[in-house]
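This report refers to the structure that appears directly beneath it.
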Amino acid sequence: MARYKVFVFAEVSNSEMGSAEYHPWLNRFAVFTAGVTLVLIGVGGVVTSKGVGLAVPDWPTTYGYNMFLFPFSKMVGGVFYEHSHRLVASTVGLLTAVLAGWIAWKDRRPWMRKLGWIAFLAVVLQGVLGGLRVVWLKDEIGIVHACLAQGFFVLVGAIGLFTTRWWSRFSLRKHPIAGCHALRRLALGTTILIFIQLILGASMRHQHTGLSINDFPLAYGRLIPPMDAVSLARINLERIQWMDLPATTAFQIALQFVHRIAAFLILAGVVWSARRICKTNGLNPVLRGLSVIWVGLVAAQIVLGASTIWTNKAADIATAHVVVGSLTLLAGSLLSIILVCCVASREGNPAWALGIQNSEAEIQKMGMAG
Amino acid sequence: MKKTGIWIATGALLVTSGMAFAQGSISGKAILQGAAPAEKAIKMDADPYCAKTHATGVTTKHYIVGPGGGLANVFVYVKDGLAGKTFPVPKEAKLLDQQNCLYVPYVMGIQVGQLLQIQNDDSTLHNVHCMAKNNPEFNLGQPVKGMKSEKVFTKPEVMVQFKCDVHPWMFAYVGVLDHPFYAVTKEDGSFTITGLPPGEYTLEAWHHKGGTLTQKIKVEAGEAKAPDFIFKPKT
Ligand SMILES: [Cu+2]
């Protein structure tokens, strides 16, 4: 039944709408919302980097004030970051509501409307999670809050992609993507690895125990960090008495070590993907551009990760590491979306191929080839 | 009439002195061996009010060392030897104050069930974030000068850390015990724990930077002298 509806819509969009689906201001607004979301991730990152998430103990109020009436003069110390985070978050919530409404009003693709409402629900859930993290004093919620933020950013970024002129006019027949099955596997696999890497990162950051391995590229002067009880006791004595850091655990040390290993797997995945894309689809400016940007981002991300360790987790560097991490995930996600839609279109799966107007599958199904 | 009065007075004296003799006390000293590590300057510019109250600058005060190396702010308490005994909960409350953007006192003790009053004496806002592990964690906002909150701990816990997330330099440490036999060393490093029933005890001394030290001590009626607790900074 659902599939039937999709077919009807595809017919309409192809025969009547065509490139008319492109709404430049909707696209600009979606990209703007994604941009403000990135700023929000940055401010949220500062809150965690500086460990001031609980500087405002109440929610949704701020020290008993309505959050929009909280006086600027009281935004001192940690309150400044946490309260700013709430204000920017409210802005993103509002922008997302407008975006979802705008899509419902102008965009005739039903799956796009669904995406708009999912984004709205996600931003509401995200706000509530942020509030519960404060009220329930649970670091674990902070981890979920951080990961949902990344997912939401990718979702709004994808809406940005789906509303571009390029997407609305993209024709696989005119600009075929070569070897998209293999490319999809590589790009999607790497992107999933990046998301797992972000979860690891969030888990490390929300322990608030500082660095558990404080040298790089080596770990406590070795290739594999020591995790036995005796070494751990020695490390913790050092941390508490001389480094102003709380005790760490073998689990935390292992987590940070895995994060380092995963970083190099991701680097390999991204470089390999980009190489393959440039070899097989070097003339496709979007694919080539995205993959080159992806390589640049992942390289910057590794430098920032190393700098986070070398500066003993300086708040600005650690926050930049979070923001560039989001962008790396977004670049991988957009590439993967294009490749997934390409494969779906090749395989004649209209539910996915619908993402791309005039895709091969549609053209064949509709008998409009030529 | 006069005679009766004298008799009563003598009787009272005997009873009180007898009570005093049935109980013991421990006194001793915490010592820092060697030079104290340098303290770090605290930057308070994030809150203009705090910066103004410390116009001449302020540093951490991890090591307050008196003459002869006496180390202040060491929490000394009876860790073992009181099992099975219960002690009345003091009626008077203990005060944890926030003055000039610092917790006062920095180290204190309290009994399970005893009222803890937490007060803001500053014209700025603080959040009182109790990082207890055995007791429930809590986080209170005190946006206005003179605000007072009251809390009670339900389980022993040494030490409970308090912090303020608005002012990341603000910390306090509270030792929660189910008995009244604890003390915090004074500026000269000395402490006295009074009113102890005679017995054998394990005494522990905790210092925020120096870690913990323990010793066994036998208390009889009268004053027992504990050997010095000697903390050693890394050389
Ligand atoms: Cu404060």
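The values are calculated or read from the model by the stated rules, or taken from the named source; none is laboratory data. Computed from a predicted structure; not experimentally measured. Because the Cβ atoms are built from the backbone with ideal geometry, glycine has one as well, and the counts that use them run over all protein chains shown. The protein model used for the area step is the full one, side chains on, heavy atoms only, and it has no ligands, DNA or RNA in it. Shrake-Rupley method; radii C 1.70, N 1.55, O 1.52, S 1.80 Å.
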Going residue by residue through segment B:153-168, is there one that turns out to be more than 11 Å from the ligand (Cβ to nearest atom), in contact with a Pro (Cβ under 7 Å, 6 or more places away or on another chain) and more than 14 Å from chain A (Cβ to nearest Cβ)? no
From the list A:L161, A:L137, A:L172, A:L183, pick out the single residue that is in contact with a strand residue (DSSP E or B) (Cβ under 8 Å, 6 or more places away or on another chain), at pLDDT below 95 and either of a type outside the set (F, W, Y) or closer than 23 Å to A:V323 by Cα (or both). A:L137
Hey, among the residues in segment A:65-87 that are open to solvent by less than 20 Å² (accessible area, probe 1.4 Å) and more than 27 Å from the chain's Cα centre (by Cα), which one's farthest from the other protein chains (Cβ to nearest Cβ)? A:F70
For A:T62: the one exception among (1) open to solvent by 20 Å² or more (accessible area, probe 1.4 Å); (2) more than 19 Å from the chain's Cα centre (by Cα); (3) within 14 Å of another protein chain (Cβ to nearest Cβ): (1)
Considering only segment B:136-149, I want to know if a residue exists there that is more than 15 Å from the ligand (Cβ to nearest atom) and open to solvent by less than 20 Å² (accessible area, probe 1.4 Å). no
Looking at A:V128, A:V134, can you tell me which residue is buried (at least 21 other Cβ atoms within 10 Å of the Cβ) and outside the structural domain of A:V343 (by TED's automatic domain parsing)? A:V134
Based on this model, can you work out whether B:A83 counts as open to solvent by less than 10 Å² (accessible area, probe 1.4 Å), under 19 Å from B:Q215 (Cα atoms) and more than 16 Å from the ligand (Cβ to nearest atom)? no
Given (1) at pLDDT below 95; (2) surrounded by fewer than 21 Cβ atoms within 10 Å (Cβ to Cβ), index of the condition A:V295 fails: (1)
With respect to the numbered conditions (1) part of a helix (DSSP H, G or I); (2) open to solvent by 20 Å² or more (accessible area, probe 1.4 Å), which one is the sole condition not fulfilled by A:R239? (2)
Residue count, segment B:103-138 (criterion: closer than 21 Å to B:P156 by Cα, within 13 Å of chain A (Cβ to nearest Cβ) and in contact (Cβ under 8 Å) with a residue 24 or more places away in the chain): 8
